Structure formats: C-alpha cells, structure tokens
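Starting off with a structure, shown below.
The values are calculated or read from the model by the stated rules, or taken from the named source; none is laboratory data. Keep in mind that this is a model prediction, so the values were computed, not measured. A quick note on method: Cβ atoms are made from the backbone with ideal geometry, for glycine too, and the neighbour counts reach across all protein chains shown.
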Amino acid sequence: MQSSKKSRGQINVYFLISIALFISLSIYLIYVVLSYYPSKSETIRMNSLNTKAYIISELIIKDEGFPENWDEDNLKRLGLASNMLELDKRKLEELEKICNSKSLEKLERLRSATGLHNEDLSVEILYMNSTRDTALDCKPFGALAESPYLQRRTAMIKRVAMLEGEFVEVRVYVS
C-alpha cells in the first residue's frame, strides 16, 4: 500500500518535456502569425493607394471632367484634359484656385470629385523640356512630400501629357 501513495505525486519527465515543447511551439506560432499580419495589411493599403492614384491620374490626363467646362464652383468630376493626353490651361488654373482656397467646401468638393473619401491628394505638373519648372503644385490637404511619416505611406504615379504644346510630367500623390 505504501508504494501506491508514492506513485500518485510523481510526474513523468517525458510529460514535462512535451508540455514545455508544446508551450514553446504555441508561443512561436502566435508570434509568427502576429508579425506576419501587419506587413500584409500595409501591403494591401499601399496597393489600394496606388490604384487610387493611378485612377486619378487617368482622370486628369484623359478626361474632361464633369461638367465639361467645370470651374471651382461646380466641379463634380476632376479632369484636366481638352483632348486625350492634352491638358487644358483654363482647367489647370481652376484647379489651382481650388488648391489655394481655404474653403473646406471647395476642398471637400475636390476630394469627392476624385473619388477619395478619407485619403489626401496632391498633384504636381512639371514641365519636362523647358526652362519653366512647375505648371501646378497643388497640395490642398497638406504638404505630403514634407512629412517623413507620410512619405512612407504615400503612393505616387507619374504620367506624361501635353500642356500648351510642351511635355509635362503629371505626378499624383495619394495618402
């Protein structure tokens, strides 16, 4: 009878090793899964921003916008083209008025006209083969390029178009 009392409190060494191994493996798997998730969600977010930037660049260089002769007060859909890949100087000036405006209503109209909801937009149009530098520098929602935090999360698309017979590079930033 005494021998049965001694065996009740004993724990097998293999049992302890297997429990330690199980706990270690579980912790490792949880760590791997949690470290994998943020990188994928950031990749998905950047892909979404790149897609939006590309769509906006298509609108800018290929679409006339709506209404066709929109101005800063009646913009419904952003488009700067007079013909495909040829930008309209008057529409560029109207966009610049909106970008320099302090009116939240006009800025929200611009955001809506580009299909953005919570994202910010910036558009630069630079002359390529000329002594002139910039045709447009539109940063209505803040200086995207100046913030190192936003640089990491900003999608940029570069496109080429024509403005008054000269080649320009259209840069669209979405963050």
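Would you pick out the residues in region 86-119 that are at pLDDT 90 or above, outside any helix (DSSP H, G or I) and farther than 20 Å from Thr51 by Cβ?
Those that are at pLDDT 90 or above, outside any helix (DSSP H, G or I) and farther than 20 Å from Thr51 by Cβ: Glu86, Leu87, Asp88.
In addition: Is there any pair with a first residue in region 155-169 that is under 13 Å from Glu58 (Cβ atoms) and a second that is part of a loop (DSSP other than H, G, I, E, B) whose Cβ atoms are under 6 Å apart and which are 6 or more apart or on different chains, and what are they?
Ala161/Leu85
Tell me the residue from Asn129, Asn100, Asn118, Asn50 that is over 23 Å from Ser175 (Cβ atoms) and either out of contact with any Lys or Arg (no Cβ under 6 Å at 6 or more places or on another chain) or among the aliphatic types (A, V, I, L, M) (or both), please.
Selected residue: Asn129, the only one of Asn129, Asn100, Asn118, Asn50 that is over 23 Å from Ser175 (Cβ atoms) and either out of contact with any Lys or Arg (no Cβ under 6 Å at 6 or more places or on another chain) or among the aliphatic types (A, V, I, L, M) (or both).
Of these, Ile30, Ile60, which one is within 20 Å of Ile125 (Cβ to Cβ) and out of contact with any Lys or Arg (no Cβ under 6 Å at 6 or more places or on another chain)?
Ile60
Output the residues belonging to region 72-87 that are among the charged types (D, E, K, R) and under 26 Å from the mean Cα position of the chain (by Cα).
Passing the criteria: Glu72, Lys76, Arg77, Glu86.
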